[in-house]
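Engineer: Handing you this structure, nothing more for now.
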Amino acid sequence: MSTLRNDIARDLALPRTQNEYTELVRALLHQRCPLAPPKAFVHTYGCQGNVADSERIKGMLAEMGYEFTDAREDADFVLFNTCAVREHAEDRVFGNVGALKPLKSDKKDMIVALCGCMMQQPHVADRIRQSYPFVNLVFGTFAIHRFPELMYRVLRGGKRVFEIGETQEPVPEGLPVRRDSMFKAWLPIMYGCNNFCSYCVVPYVRGRERSRTPEAVLAEAKEIIAGGAKEITLLGQNVNSYGKNASDGVNFPKLLKMINDLPGDFHIRFMTSHPKDCTKELLDTMAACEKADRHLHLPFQSGNNRVLKAMNRGYTRESYLELIRYARKVMPDISITSDIIVGFPGETYDEFRDTVSLIEEVKFTSLFTFIYSPRVGTRAAAMEDPVPYAEKSRWFTELLKAQEKIAAARSADMVGKTYEVLVENETKEANGMLTGRTGGNINIDFAGDPALIGSYRRVRVTEAKNWLLFGELV
Ligand code: SAH
Ligand code: SF4
C-alpha cells in the first residue's frame, strides 16, 4: 500500500504540460467508465467574465472526453463556477453545493468541483474544507489553465485538491474554448482590477490587471468571426485601462479600432467601462467604428460626490455628466446603461436622492441596481453602516419606480420606429414569439420562425407595455 502511495506521489511530482495531463485524464476516465463517455454539468454564477471562464473550462472538459448534460443528477462531474460580488450570490452557491450531498452519497465516483471568485477567498475555501467534505476539487481564478493537472491529481491521488494561490504571471493563452452560443461570443481582453472601489471584492479575488496582448485578442477575434459569430463582446472589469502598462502603446480605443477593422459582418460591444478612465478618445473611436454598437455601459454607482469619494470611484457627478454629454454629442443615438449601489455605508436619504436625480437627468435605457452587500476584507465592510436594511430596501423600491417611469417613456417613444435586432431566442413563454436585442441593448418580442435565431432582422415596434416592447418583422 505504502509503495503504491509512493508511486502516486512520484507520479504526481512529474513535470508535464497541461496537454499531457489532458491525455492522462482522458485515459483514466475511459478506464473508469469504458462503455460511455462521462458527463459533465457546469453551472456559472455571476458576470460574463465567469461565463467566459466556464467556456474555457468546458473546452478543457471536452478535450478530456466529457459530454455535457443540463441535469446534475446525470453527471459524473459537477462544477459550480462561483461569484463573490454580493452575499446573495454566495448564499446560493452554498445552498446548491449542500444539495449535492445526497447525490454524491448515491454516486461515489461523481467528482464535485468548485471554482471562481468565491473560492479565491480563504474564509470560503476553509468553510468548504471543513463543512463540505464531499467536494473533491476547489480552484481559484488563477488556476483555470491548470485544470487538467488538477483533475489528474483528483483522479490519481484520490485526495481532495485545493488550488487557490495567486499569481501575476502573464495571461495563459491557447486554452480550448467551447462557446455557449454560435452567434454571440465573449472575448476577454483583460483580467483583474486595480481600482479597489471600497465596497468591492473583485480586486481581492481576481488580482491586479493583466491585459492579453493585442495579438492574442485579435487571433481569438478572427477565430470567432470565422466561426460565424454576429456579435463579439469585449470583456474586462475596466476595459478602459486595457494595455495601460504595455510597451506596445495599444490602449483600449486602439484595440477597438483594430477589431473593428477586421473583415467580416459582425457587431462589437464591450463591458465594463469605468467612468474614471473613459476618455473622449474612446468615445470618438466608438463613434468612428461602424461595427461598434451604440451602447455604453457606464456604471456610476452613486449620484452624490461624498458617497463617490467614500466609494473611491475617482470621478464626480459633474465629470460623469460631462462624459454623458460628450458621448451623446458624438453619438446622438447612444443608449446608456449603468450600475447603482443603494445604501452604501453612511449614505443618507438625501444623498440617495442625488442618485435618483441623476437617473432622471441622464434617462438611462436600463439599470442594474443593487443594495450594498458587505464583503469580507474590503474597506467599506469596516465602515459605520447605521441605516437598517429595511430602510435601504424602501430606497431601492423608490429608485426602481423612478427608473420604471423613465423606461416606460422611452419604450412609448420607440413605438412606430424600426430597429435592427439580433434575434436571440424564443421567449420563455414558448408562445411562438422570439426575442431580439437592438444595438442599444433593448429587447423586443415579435412573432417569427425560430430559424431566424442568430441573425440580424429589422423589427418595427408596434406596442409598448410599460418597458416591454412588442413588434413585427419588417
Ligand atoms: N468592474 C465593474 C463592476 C463589476 S461588479 C465596474 O466597476 O463598473 C458589478 C456591479 O456589482 C458593480 O458595478 C456594482 O454596482 C455591484 N457591486 C459590486 N460590489 C458590490 C457590493 N459589495 N454590494 C453591492 N453591489 C456591489
Ligand atoms: Fe470592483 Fe471597482 Fe474594480 Fe469594478 S472597478 S471591479 S467595482 S473594484
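The values are calculated or read from the model by the stated rules, or taken from the named source; none is laboratory data. Being a predicted model, the structure only gives us computed values, none of them experimental. For neighbour counting, all protein chains shown are included, and Cβ atoms are generated from backbone atoms with ideal geometry for every residue, glycine included.
Engineer: For region 363-377, which positions are more than 16 Å from ligand 2 (Cβ to nearest atom) and either in contact (Cβ under 8 Å) with a residue 60 or more places away in the chain or buried (at least 20 other Cβ atoms within 10 Å of the Cβ) (or both)?
Structural biologist: Within region 363-377, the subset more than 16 Å from ligand 2 (Cβ to nearest atom) is 363-366.
Scanning region 363-377 gives Phe364, Thr365, Ser366.
Engineer: Filter region 204-237 down to residues that are closer than 24 Å to Gly116 by Cβ and away from ligand 2 (no atom under 16 Å from the Cβ) and give me whichever is surrounded by the fewest Cβ atoms within 10 Å (Cβ to Cβ). Break it down into steps so the answer makes sense when it comes.
Structural biologist: Keep residues of region 204-237 that are closer than 24 Å to Gly116 by Cβ, which gives 204-212, 216-217, 220, 224, 232-237.
If we keep only those that are away from ligand 2 (no atom under 16 Å from the Cβ) as well, we get 212, 216-217, 220, 224, 232-233.
Numbers: Arg212: 24, Ala216: 16, Val217: 22, Glu220: 18, Ile224: 23, Ile232: 23, Thr233: 19.
Per the stated criteria, the residue is Ala216.
Engineer: Given the options Pro34, Pro102, Pro38, name the one that is touching a helix residue (DSSP H, G or I) at 6+ places or on another chain (Cβ under 8 Å) and more than 30 Å from Glu209 (Cα to Cα). Lay out the reasoning, then the answer.
Structural biologist: Numbers: Pro34 fails: touching a helix residue (DSSP H, G or I) at 6+ places or on another chain (Cβ under 8 Å); Pro102 fails: touching a helix residue (DSSP H, G or I) at 6+ places or on another chain (Cβ under 8 Å).
The conditions single out Pro38.
Engineer: Let me ask another. When region 313-357 is examined, which residues are found to be hydroxyl-bearing (Ser, Thr, Tyr) and touching a residue at least 40 places away in the same chain (Cβ under 8 Å)?
Structural biologist: In the first step, residues of region 313-357 are kept if they are hydroxyl-bearing (Ser, Thr, Tyr); the result is 315-316, 319-320, 326, 335, 337-338, 348-349, 355, 357.
Matches in region 313-357: Tyr315, Ser319, Tyr320, Tyr326, Ser335, Thr337, Ser338, Tyr349, Thr355, Ser357.
Engineer: Specify the residue that is surrounded by the fewest Cβ atoms within 10 Å (Cβ to Cβ); the eligible residues are those in region 167-198 that are among the aliphatic types (A, V, I, L, M) and over 22 Å from Thr17 (Cβ atoms).
Structural biologist: So the first thing to find is which residues in region 167-198 are among the aliphatic types (A, V, I, L, M), and the list is 171, 175, 177, 182, 185, 187, 189-190.
Those left that are additionally over 22 Å from Thr17 (Cβ atoms): 182, 185, 187, 189-190.
Details: Met182: 13, Ala185: 24, Leu187: 22, Ile189: 24, Met190: 24.
Among residues in region 167-198 that are among the aliphatic types (A, V, I, L, M) and over 22 Å from Thr17 (Cβ atoms), the one surrounded by the fewest Cβ atoms within 10 Å (Cβ to Cβ) is Met182.
Engineer: Return the residue satisfying two criteria in turn: it lies in region 45-86 and is assigned to a strand (DSSP E or B) and surrounded by fewer than 22 Cβ atoms within 10 Å (Cβ to Cβ), and of such residues it is farthest from ligand 2 (Cβ to nearest atom). Before you say what the answer is, go through the steps one by one.
Structural biologist: Residues of region 45-86 that are assigned to a strand (DSSP E or B), as a first pass: 67-68, 77-82.
Imposing the further condition that a residue be surrounded by fewer than 22 Cβ atoms within 10 Å (Cβ to Cβ) reduces the set to 67-68.
Values: Glu67: 35, Phe68: 30 Å.
Out of the qualifying residues, it is Glu67.
Engineer: State the number of residues belonging to region 328-350 that are more than 16 Å from ligand 1 (Cβ to nearest atom) and either under 27 Å from Tyr419 (Cβ atoms) or acidic (Asp, Glu) (or both).
Structural biologist: The qualifying residues number 9.
Engineer: Got a number for residues in region 170-195 being within 18 Å of Ile144 (Cα to Cα) and in a strand (DSSP E or B)?
Structural biologist: Result for region 170-195: 5.
Engineer: Please work out which residue is farthest from ligand 1 (Cβ to nearest atom), limiting yourself to region 279-312 and to residues that are of a type in the set (Asp, Glu) and touching a residue at least 40 places away in the same chain (Cβ under 8 Å). Outline the logic, then answer.
Structural biologist: Narrowing region 279-312 to residues of a type in the set (Asp, Glu): 281, 284, 290, 293.
From what's left, touching a residue at least 40 places away in the same chain (Cβ under 8 Å): 284, 293.
On the way: Asp284: 21, Asp293: 18 Å.
Of everything passing the filter in region 279-312, Asp284 is farthest from ligand 1 (Cβ to nearest atom).
Engineer: Of all residues being more than 16 Å from ligand 1 (Cβ to nearest atom) and among the basic types (Lys, Arg) in region 219-254, which is farthest from the chain's Cα centre (by Cα)? Just the residue, please.
Structural biologist: Restricting to residues being more than 16 Å from ligand 1 (Cβ to nearest atom) and among the basic types (Lys, Arg), the top hit is Lys254.
Engineer: Then there's this: Can you name every residue in region 158-203 that is among the aromatic types (Phe, Trp, Tyr) and either within 14 Å of ligand 2 (Cβ to nearest atom) or over 20 Å from the mean Cα position of the chain (by Cα) (or both)? Steps first, please.
Structural biologist: Filtering region 158-203 for residues among the aromatic types (Phe, Trp, Tyr) gives 162, 183, 186, 191, 196, 199.
Once the filter is applied, which keeps residues that are among the aromatic types (Phe, Trp, Tyr) and either within 14 Å of ligand 2 (Cβ to nearest atom) or over 20 Å from the mean Cα position of the chain (by Cα) (or both), region 158-203 yields Phe162, Tyr191, Phe196, Tyr199.
Engineer: A further question follows. If we scan region 116-130, do we find a residue that is small (Gly, Ala, Ser), within 16 Å of ligand 1 (Cβ to nearest atom) and assigned to a strand (DSSP E or B)?
Structural biologist: yes
Engineer: Just the residues that are more than 16 Å from ligand 1 (Cβ to nearest atom) and surrounded by fewer than 19 Cβ atoms within 10 Å (Cβ to Cβ), please, taken from region 255-278. Quick ask: steps written out before the conclusion?
Structural biologist: Of the residues in region 255-278, the ones more than 16 Å from ligand 1 (Cβ to nearest atom) are 255-268.
If the condition is that a residue be more than 16 Å from ligand 1 (Cβ to nearest atom) and surrounded by fewer than 19 Cβ atoms within 10 Å (Cβ to Cβ), then Lys257, Met258, Asn260, Asp261, Leu262, Pro263, Gly264, Asp265 are the ones that fit.
Engineer: I'd like the full set of residues that are acidic (Asp, Glu) and surrounded by 19 or more Cβ atoms within 10 Å (Cβ to Cβ), limited to region 422-471. So that I can check it myself, show each step before the final result.
Structural biologist: Here is the first cut: in region 422-471, the ones acidic (Asp, Glu) are 424, 426, 429, 445, 449, 463.
Result: Asp445, single match.
Engineer: Next question. What is the one condition in (1) buried (at least 16 other Cβ atoms within 10 Å of the Cβ); (2) under 23 Å from the mean Cα position of the chain (by Cα); (3) away from ligand 2 (no atom under 16 Å from the Cβ) that Leu100 does not satisfy?
Structural biologist: (2)
For (1) at pLDDT 95 or above; (2) outside the structural domain of Asn19 (by TED's automatic domain parsing); (3) within 16 Å of ligand 1 (Cβ to nearest atom), each residue gets a yes or a no:
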residue	(1), (2), (3)
Arg156	no, no, no
Glu169	no, yes, no
Leu175	no, yes, no
Trp186	yes, yes, yes
